[in-house]
Structures are given as structure tokens and as C-alpha cells.
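Note sheet for the following structure.
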Amino acid sequence: MAKEPISRATQQFLAGSPFKLWIGGQWLPAGDGGTFRSYNPSDGVCLAELASAGSADVDRAVVAARGAFEGPWGQAGLAKREECLNRLGDLITAHNDELAELESLDDGKPISTTRAIDAWVAAGLAHHFAGWPSKIAGYTPSVGAQDHFVYTRREPLGVAAIVIPWNYPLIHSVQKMSPALACGNAVILKPAQWASLPLIRLAELIQEAGFPDGTVNILTGPGPVIGAALAAHPGINKIQFTGSTTVGRSIVQASAGNLKRLALELGSKAPNIIFADADLDSAIAGAFEAGFGFSGQSCVAGARLFVQEPIYARVVERLAGLARAARIGDAMDVSTEIGPIIHKTQADAIMAYIEGGIAQGATLVCGGRRLTEGPYTGGNYIEPTILTGVRDDMTVAREEIFGPVVPIFSFATEDEVIARANDTSYGLAAGIWTRDVARAHRVAAAVKAGTVWVNTYDRFDAAAPFGGFKGSGYGRDNGHEVIDAYTEAKAVWVSLK
């Protein structure tokens with residue numbers, strides 16, 4: 001493996017460790033002085049020490065955020081919101097390489113991906129939602145009382161708490177934060193403990209972009225402690241959360257006391273369906289990226305691959321060939337295709353799923369090994385793994401693995417695969433590969449998922465809503481739906497008598 005040297009800018013940033021909490025425009029230590037360490041999943045080396053927030057720090061952040069909402073940010077004009085968001089997008093673009101390095105070092109995503117996608121997408125999200133403040137408007141409904149004039153207003157909610165996972169820290173944070181800010185809300189951002197460093201750097205850019213102190217606050221530390229305090233806090237008006245279904249349920253329960261708004265993007269077990277008439281070159285390449293991109297650590301990973309019987313053997317053979325040939329390595333190596341798993345705990349869980357699947361009768365086609373020696377020493381590496389002979393009721397077919405594991409199922413008919421694709425508690429995303437236009441539309445309508453890709457996979461845009469059905473949560477990111485969700489609708493009645 002030939003790792004790229006870390007840039008001078010990234011070295012200078014990391015030299016600033018230990019890092020503090022960003023509250024009210026100041027870098028503050030945790031109230032109880034607690035800290036934790038962040039480790040590089042590629043080699044196990046400690047990257048930095050960070051403050052570990054507690055419930056008292058949540059209280060401080062709420063006070064700061066509410067002060068900004070009721071003060072300078074809430075009173076700022078539409079032009080100020082647009083200016084700050086556009087400036088933030090420009091700064092993310094200008095620091096693309098540095099942010100990409102921090103993300104690859106912190107969560108193990110290959111540098112070729114973070115440079116080409118993550119920071120650029122984050123910048124684009126900020127720029128997109130910068131165009132919204134002047135477009136948020138009410139309307140004049142026609143009412144039966146002729147002696148009254150009625151109009152509506154869309155007003156910000158207040159303080160929004162945003163809790164994100166470790167797999168896309170830059171994209172998730174800007175995707176959720178930008179519309180909240182565009183609508184005039186203040187924000188408390190809780191990064192995942194395993195991938196906080198890019199967002200510490202983002203806080204510095206937020207300050208440089210000109211947002212008033214307290215408009216955005218960032219609390220690093222343990223999810224259960226901070227998340228529970230955010231969910232229960234009466235000073236927070238909404239929680240926008242991406243993470244596991246189990247944690248999502250706990251947030252719902254904790255938020256019940258003050259009935260705050262929730263938007264939850266939760267677990268997934270996305271079906272990816274290849275019909276016999278599909279363009280196999282595109283479908284197989286797409287299935288590989290869907291299942292093994294970022295080592296399968298994606299909420300929309302194509303984690304159940306259904307292949308129609310006439311082409312099943314060919315697809316298994318070719319996909320296994322791609323998996324065996326994939327270059328596994330350090331995230332900072334530009335030739336790496338499959339990087340490390342985020343954390344040893346996660347790697348342990350993935351291996352338990354693989355071993356459990358084989359014990360239940362699945363056939364291991366390729367992969368299935370943990371790599372621990374030579375260039376992989378100290379890191380968390382697992383080979384891309386393909387299983388066949390998997391029944392729909394097996395654990396590996398039903399539970400979210402969040403790793404480089406793809407079970408492949410055969411099917412005979414369209415009706416059969418629709419029923420099996422929907423036989424899950426989840427409904428976040430799905431893929432369909434076919435040349436038959438009518439079939440594509442039929443199956444897209446029948447599959448119960450918030451996003452369905454046809455002859456493509458893992459595509460997003462700030463203009464298109466994204467969210468789940470069933471156990472994958474409710475509420476949406478992106479699209480005009482997220483603007484509606486970050487505002488309250490108020491009806492104003494004016495007597496004309």
C-alpha cells in the first residue's frame with residue numbers, strides 16, 4: 001500500500017488536539033472535563049483527543065442556540081441567511097482536499113471517494129439551500145367567510161438538534177443543517193463519536209462564513225448521553241436523526257415529554273433486483289458498488305441482491321470476480337477500492353453475521369476473512385463477502401449488517417421478487433435493473449421504499465426528497481419537503497368589517 005502524505009493543512013489542524021466543544025461561538029471544554037480519543041481505522045493510530053460532552057453541555061448549547069434564534073440570527077434578513085450559506089459552500093469548496101483527508105483518516109472512506117464526492121457534495125448542498133430563504137412563502141387560501149382575509153406564514157421552528165452517523169459526516173451534517181439554517185432556525189449538531197474531526201474543522205469554516213455566535217453549536221462525545229439529553233430537552237423544537245432503528249425508537253420515547261418534531265432516517269436492508277433482460281455490464285458493476293462501496297457501510301447499501309434465475313449463475317460468478325480483485329487497503333492510498341471498517345466493534349459484529357450465516361446454511365462464495373497482518377496490521381479490514389444459499393428468514397437476510405456482505409438470492413417471476421423485496425421491516429431504498437420500461441415503472445410503484453433507483457444506484461440531489469418507509473423512519477431530507485418540515489405553518493385571519 002502506498003499512502004499519500006497528509007497535507008500540511010491537515011497536519012496543522014490535527015496539531016490543535018485536544019479539541020473542545022463549539023458552543024456560542026467559543027471553544028469550550030466539556031463541563032466535567034471529559035475527553036475521548038479518535039483512532040484511524042486504517043492503522044489504529046490515535047488521531048486526536050476530543051471533548052466528551054454531557055447533559056450540562058447540552059444545556060449550555062441550548063441556551064446559546066436559543067439566544068441566537070431569538071437574537072441576531074432570528075432577526076437577520078433573508079439576504080444574510082443566503083450570504084452565510086453561500087459563503088459556507090465556497091469555504092467547503094476551497095478546503096475540499098483538507099476536509100476529504102480528515103474524513104478518510106477519521107472514518108476510513110477511501111480518499112479517492114472523499115475527494116471526488118463528499119466535500120463537493122457538502123458544498124453543493126450549502127449552495128442549494130442558500131437559494132431557499134427568499135423562496136419560503138405562505139399563500140392566501142379561499143375561505144367561506146367573505147368578510148375575512150386569510151393568509152399563511154411559514155415560520156422557523158426554533159432550535160433544531162441534528163444527530164448524524166459516522167459514515168458520511170460532511171454530507172449528513174450539511175444536508176441537514178443547511179435547510180434548518182435557510183429557514184431561520186438555530187442548530188445543535190451532534191457528530192458520531194467515531195467520526196467527529198471533519199466537523200470540528202467545519203465549525204471553524206462556519207465561523208468564518210459569518211454566522212452569528214450560537215447559530216451553530218457542535219457537541220462531540222457519546223451518542224447515548226448527548227442524544228438522550230437532546231431528545232428530552234424542552235428547549236429543542238426538532239430532532240433530525242440518521243442512525244439505527246433501535247436508537248430511533250429511543251429518541252421517539254425520550255421526545256414524548258415535550259412532543260418535539262422528529263425526522264428519522266433509520267435502518268435499511270435494501271433490495272437490489274436484476275432482471276434477466278438487464279444490461280448485465282451496468283447491473284453487475286452497479287451491484288458491486290451498491291453492496292461494497294465504502295465497505296458496505298451505507299444506509300442504502302444494496303444488501304439483498306435478487307437475480308432472476310436465467311442469469312443467476314453468471315451474475316454470481318462475475319460479481320465474485322470483482323470482489324476477489326478489489327484492492328483492499330489504507331484509506332489514504334488512492335488505489336484503494338475497499339477501505340477499513342470504521343471500528344473494531346463494528347468489525348466484530350460483521351464477522352459474527354458472516355459466521356452466523358454460514359452456520360445457518362449459507363454458502364461462502366468469496367471473502368469472509370478478517371485481514372490483520374502485514375499492511376493491514378492495526379486496522380479493521382474485512383474482505384468483500386458474497387453468500388449464496390441464503391433463505392429469506394436467515395438473520396443475514398433480515399438484519400442490517402452495515403458491512404461488506406452481500407447475500408445473493410435467485411427468483412423466478414416479477415410478482416415473486418416484489419413480495420420478497422417487501423418482506424422486510426425496512427423501506428429506505430431499492431434498486432431495479434431492467435430494459436423493460438413498463439416493468440421498471442410497475443416494480444418501482446410496488447416496492448415499498450422511499451427511494452427507488454432504476455438502472456442506477458445511490459444517486460442523490462438536494463432537490464429530490466430522501467427518507468424511508470416502515471421501520472426506516474419518517475420525515476425527509478432534501479427537496480421542498482425538508483423546508484416544510486423545518487418551518488411551522490401559521491394561518492392569520494384578518495377581519496374586513
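Any read-out appearing in this document is the output of simple, stated calculations on the displayed coordinates, not a laboratory observation. Bear in mind that the values here come from a model prediction, so they are computed numbers and not experimental data. Cβ: placed from backbone, ideal geometry, glycine included. Neighbour counts: every protein chain shown.
Values computed for the structure shown
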{"item": "Residue-wise HN-Hα coupling along the stretch 276-281, computed from phi with Karplus coefficients 6.51, -1.76, 1.60 (Hz; x: Gly, Pro)", "result": "5, 8, 5, 6, 5, 4"}
{"item": "Candidate lysines for bridging to residue 109, where Cα separation is under 23 Å - those fewer than 8 sequence places away on the same chain excluded", "result": "3, 176, 190, 269, 344"}
{"item": "Residue 135 paired with residue 309, simple spin-label distance in nm, labels 7 Å along Cα-to-beta-carbon", "result": "4.9"}
{"item": "Rounded, prolate or oblate (a/c below 1.5 giving rounded, otherwise prolate when a/b exceeds b/c) for the stretch 264-325 by Cα gyration tensor", "result": "oblate"}
{"item": "Gain in span if fully extended, residue 282 to residue 15, counting 0.36 nm per residue against the direct Cα distance", "result": "91.7 nm"}
{"item": "Rounded tilt (10° steps) of 96-107 against the dominant C-alpha axis of the chain", "result": "60"}
{"item": "Angle in degrees between helix 245-255 and the longest Cα principal axis of the chain, rounded to the nearest 10", "result": "20"}
{"item": "Sites residue 26 and residue 456 - FRET efficiency at Förster radius 41 Å, r taken between beta-carbons, to 0.05", "result": "0.35"}
{"item": "Nonlocal amide H pairs with residue 239, under 5 Å, H built at 1.01 Å", "result": "161, 261, 262, 263"}
{"item": "Using θ = phi - 60° and Karplus 6.51 cos²θ - 1.76 cosθ + 1.60, couplings along the stretch 264-275 (whole Hz; Gly, Pro as x)", "result": "10, 9, 10, x, 7, 8, 5, x, 10, 10, 10, 7"}
{"item": "Whole-Å distance, taken between Cα centres, linking the stretch 65-136 and the stretch 19-50", "result": "21"}
{"item": "Fraction of antiparallel bridges per DSSP, the stretch 341-422 only, in percent to nearest 5", "result": "60"}
{"item": "Packing rank of 154-164, 246-256, where each peptide gets the mean count of other beta carbons within 10 Å, highest leading", "result": "154-164, 246-256"}
{"item": "Folded to 0 to 90 degrees: helix 437-446 orientation relative to the chain principal axis, Cα", "result": "60"}
{"item": "Exposure proxy order (Cβ contacts within 10 Å, fewest to most) of 457, 474", "result": "474, 457"}
{"item": "Under-5 Å amide H pairs with residue 278, H placed in peptide plane, nonlocal only", "result": "435"}
{"item": "Residues in the stretch 454-496 that a label on residue 252 would reach, taking backbone N under 16 Å of a point 7 Å out along Cα→Cβ", "result": "468-476"}
{"item": "Percent of beta bridges antiparallel (DSSP, the chain, rounded to nearest 5)", "result": "40"}
{"item": "Overall form of the chain per C-alpha gyration tensor (a/c, 1.5; a/b vs b/c)", "result": "oblate"}
{"item": "Beta bridge orientation in the stretch 271-462: antiparallel %, DSSP, nearest 5", "result": "20"}
{"item": "Size of charge dipole - the stretch 1-143 - debye, nearest 20, with Cβ of Lys, Arg +1 and Asp, Glu -1, no other charges", "result": "360"}
{"item": "Ranked 190, 269, criterion: other C-beta atoms within 10 Å, fewest first", "result": "269, 190"}
{"item": "Derived scalar couplings ³J(HN,Hα) [the stretch 123-128; Karplus, 6.51 cos²θ - 1.76 cosθ + 1.60; whole Hz; x for Gly, Pro]", "result": "4, x, 5, 4, 5, 4"}
{"item": "Sequence-separation-based contact order of the chain, relative, with Cα cut under 8 Å and 6+ spacing, percent", "result": "18"}
{"item": "Burial ordering of 437, 390, fewest other beta-carbon atoms within 10 Å first", "result": "437, 390"}
{"item": "Euclidean distance of C-alpha centroids, the stretch 249-295 and the stretch 314-347, integer Å", "result": "19"}
{"item": "Sparse-neighbour loop sites [chymotrypsin sites (Phe, Trp or Tyr not before Pro); the stretch 118-154; at most 15 other C-beta within 10 Å; DSSP]", "result": "139"}
{"item": "Coil-residue trypsin sites (Lys or Arg not before Pro) of the stretch 290-337, DSSP, other Cβ within 10 Å capped at 16", "result": "327"}
{"item": "Segment residue 116-residue 437, length gained on full extension (0.36 nm per residue, minus Cα span)", "result": "112.4 nm"}
{"item": "Estimated 222 nm signal from helices in the chain, with DSSP H stretches of n ≥ 4 weighted -39500 (n - 2.57), rounded to 500", "result": "-11500 deg cm²/dmol"}
